[in-house]
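The values are calculated or read from the model by the stated rules, or taken from the named source; none is laboratory data. Since the structure is predicted, the reported quantities are computational estimates derived from the model, not experimental observations. Cβ placement follows ideal geometry from the backbone for every residue including glycine, while neighbour counts extend to all protein chains displayed. Accessible surface is based on the protein model in full, side chains and every heavy atom, while ligands, DNA and RNA are left aside. Shrake-Rupley method; radii C 1.70, N 1.55, O 1.52, S 1.80 Å.
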Amino acid sequence: MENTIQILAISGSLREKSSNTALMKAIIGLSSADIQFTIYGGLGDLPHFNPDLDLDDGPSSVQGLRQQLKEAHGVLICTPEYGNGVPGVLKNALDWIVSSGEFMNKPTAVISASPTPMGGDKAHASLLLTLKMINAEIIEEGLMMIPHITLKLNKEGVITDSEMEQRLLAVLRALEQACR
């Protein structure tokens with residue numbers, strides 16, 4: 001469809017049963033037919049960032065990430081917090097984008113979710129610093145920290161908290177609006 005918005009969805013976790021990946025999929029399930037999501041599944045395939053490897057188009061896995069970002073109208077990131085920061089695989093992916101610019105002016109929503117009471121606040125803050133540095137268009141209404149995620153999303157990945165669901169719908173609307 002001509003008016004369909006293309007969103008690249010990225011989970012910051014490689015864990016198979018990650019609550020952030022489940023949350024990302026639940027958000028996709030809430031979206032309207034006007035939004036088409038592509039889930040980026042290559043975080044674990046990216047080599048460690050090394051400027052010496054970033055020649056021409058870079059390694060093929062990096063080329064794939066860059067191409068998906070180019071094709072997307074916007075980005076949704078759902079990430080846990082590891083060791084009081086952004087998971088290394090997510091930071092590594094963003095490091096590959098610093099010099100190539102695919103995030104420049106790209107509407108981006110950022111959600112951190114954690115089983116802790118803080119909701120991944122340190123990862124959230126750190127991720128925003130990196131995204132701002134690479135000139136992503138951070139959608140203010142698209143920012144959300146979710147504490148106690150395991151109490152709001154069941155093991156099947158179904159949202160069980162109606163207030164959180166309403167806030168996620170608002171994030172989706174804000175991202176869609178920014179992409180139009």
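Observations on the model:
- Test for D52: is it without any contact (Cβ under 8 Å) to a residue 24 or more places away in the chain, on the phi > 0 side of the Ramachandran plot and not aromatic (F, W, Y): no
- Which numbered condition F37 fails, given (1) free of Cβ contacts under 8 Å to residues at least 40 places away in the same chain; (2) within 20 Å of L128 (Cα to Cα); (3) open to solvent by less than 80 Å² (accessible area, probe 1.4 Å): (2)
- Only one of the listed residues (L94, L23, L46, L53) is over 28 Å from R167 (Cα atoms) and surrounded by 16 or more Cβ atoms within 10 Å (Cβ to Cβ). That residue is L46.
- Candidate set from segment 97-106 (those that are within 14 Å of Q67 (Cα to Cα) and hydrophobic (A, V, I, L, M, F, W, C)); member that is surrounded by the fewest Cβ atoms within 10 Å (Cβ to Cβ): M104
- Index of the failed condition, L55 passing every other in (1) among the hydrophobic types (A, V, I, L, M, F, W, C); (2) assigned to a helix (DSSP H, G or I); (3) farther than 25 Å from C179 by Cβ: (2)
- Within segment 138-180, the residues that satisfy the criterion of being closer than 25 Å to M104 by Cβ, open to solvent by less than 90 Å² (accessible area, probe 1.4 Å) and more than 13 Å from the chain's Cα centre (by Cα) are A174, E176, A178, C179.
- Pick from segment 107-125, criterion in contact (Cβ under 8 Å) with a residue 40 or more places away in the chain and part of a loop (DSSP other than H, G, I, E, B), ranking: surrounded by the fewest Cβ atoms within 10 Å (Cβ to Cβ): P115
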